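Trainee: My structure is below; once you've seen it, I'll send some questions.
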Amino acid sequence: MIQTIPIEGTTFTDVRGEIKFFNTFDMKGIVRFYEISPSSTEIIRGWQGHKKEKKWFYCPIGAFVVNIVSISDNKVPGSKLQPKRIVLDARTPLILEVPQGNATGFKALREDSKLIVFSNFTLEESKNDDFRYPLETWNVQW
């Protein structure tokens with residue numbers, strides 16, 4: 001069972017502009033982050049999984065569909081597993097926490113979308129906990 005945790009943000013708007021904030025997002029365990037800007041809405045990034053690494057996904061611009069599947073029980077997960085589909089849209093401030101033991105695949109839904117990914121592992125630790133699967137492994141809606 002996939003246990004993703006949504007961390008809801010809040011938007012404040014006045015004559016000066018807009019602020020999106022996440023006062024309940026505890027960043028103590030985060031050691032790095034990176035931003036992904038796909039070259040088109042046709043590109044699908046995935047499947048990449050981690051048995052021990054935890055990640056958080058935030059879309060500040062545009063929208064993404066993120067599909068998540070559990071890999072915690074099997075070294076080679078079964079193709080009959082049903083991934084969980086979540087849409088992250090910049091208009092609704094939300095950080096998606098994906099616990100260890102899951103693989104993710106994602107695709108931009110709008111041009112010029114950006115996705116920020118936070119991790120609790122260094123790049124070297126992540127490389128040693130990296131599991132990749134062909135896009136065709138699971139039947140999902142992109």
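The values are calculated or read from the model by the stated rules, or taken from the named source; none is laboratory data. These numbers come from a predicted model, not from an experiment. For neighbour counting, all protein chains shown are included, and Cβ atoms are generated from backbone atoms with ideal geometry for every residue, glycine included.
Trainee: So Ser72 fits all but one of (1) among the small types (Gly, Ala, Ser); (2) modelled with pLDDT under 95; (3) part of a strand (DSSP E or B); what number is the exception?
Mentor: Among (1) among the small types (Gly, Ala, Ser); (2) modelled with pLDDT under 95; (3) part of a strand (DSSP E or B), Ser72 violates only (3).
Trainee: If you don't mind, another one. In region 119-139, is there at least one residue being over 23 Å from Ile30 (Cβ atoms), assigned to a loop (DSSP other than H, G, I, E, B) and not aromatic (Phe, Trp, Tyr)?
Mentor: So far as region 119-139 goes, yes, one or more of its residues are over 23 Å from Ile30 (Cβ atoms), assigned to a loop (DSSP other than H, G, I, E, B) and not aromatic (Phe, Trp, Tyr).
Trainee: Which residues, taken from region 51-69, are assigned to a loop (DSSP other than H, G, I, E, B) and not acidic (Asp, Glu)?
Mentor: Matches in region 51-69: Lys51, Lys52, Lys54, Gly62.
Trainee: Next up: Just need a number here: residues in region 95-141 that are under 15 Å from Ile43 (Cα atoms) and within 15 Å of the chain's Cα centre (by Cα).
Mentor: To start, the set of residues in region 95-141 that are under 15 Å from Ile43 (Cα atoms) comprises 104-115, 134-136, 140-141.
If we keep only those that are within 15 Å of the chain's Cα centre (by Cα) as well, we get 104-109, 113-115.
Count: 9.
Trainee: Restricted to region 31-47, and to residues that are among the β-branched types (Val, Ile, Thr) and not in a strand (DSSP E or B), which residue is surrounded by the most Cβ atoms within 10 Å (Cβ to Cβ)?
Mentor: Only one residue tops the list, namely Thr41.
Trainee: Mind counting the residues in region 87-99 that are part of a loop (DSSP other than H, G, I, E, B) and either touching a strand residue (DSSP E or B) at 6+ places or on another chain (Cβ under 6 Å) or of a type in the set (A, V, I, L, M) (or both)?
Mentor: 2
Trainee: If you go through region 1-30 one residue at a time, how many are assigned to a loop (DSSP other than H, G, I, E, B) and loosely packed, with under 13 Cβ neighbours inside 10 Å? Break it down into steps so the answer makes sense when it comes.
Mentor: From region 1-30, those assigned to a loop (DSSP other than H, G, I, E, B) are 1-4, 9, 15-16, 22-30; that's our starting set.
Filter again for loosely packed, with under 13 Cβ neighbours inside 10 Å, leaving 1, 3, 15-16, 23-24, 26-29.
Total meeting the criteria: 10.
Trainee: If you scan region 91-114, which residues turn out to be crowded, with 16+ Cβ neighbours inside 10 Å and either under 14 Å from Ser37 (Cα atoms) or of a type in the set (S, T, N, Q) (or both)?
Mentor: Gln100, Asn102, Thr104, Phe106, Lys107, Ala108, Leu109, Ser113, Lys114, listed by residue number.
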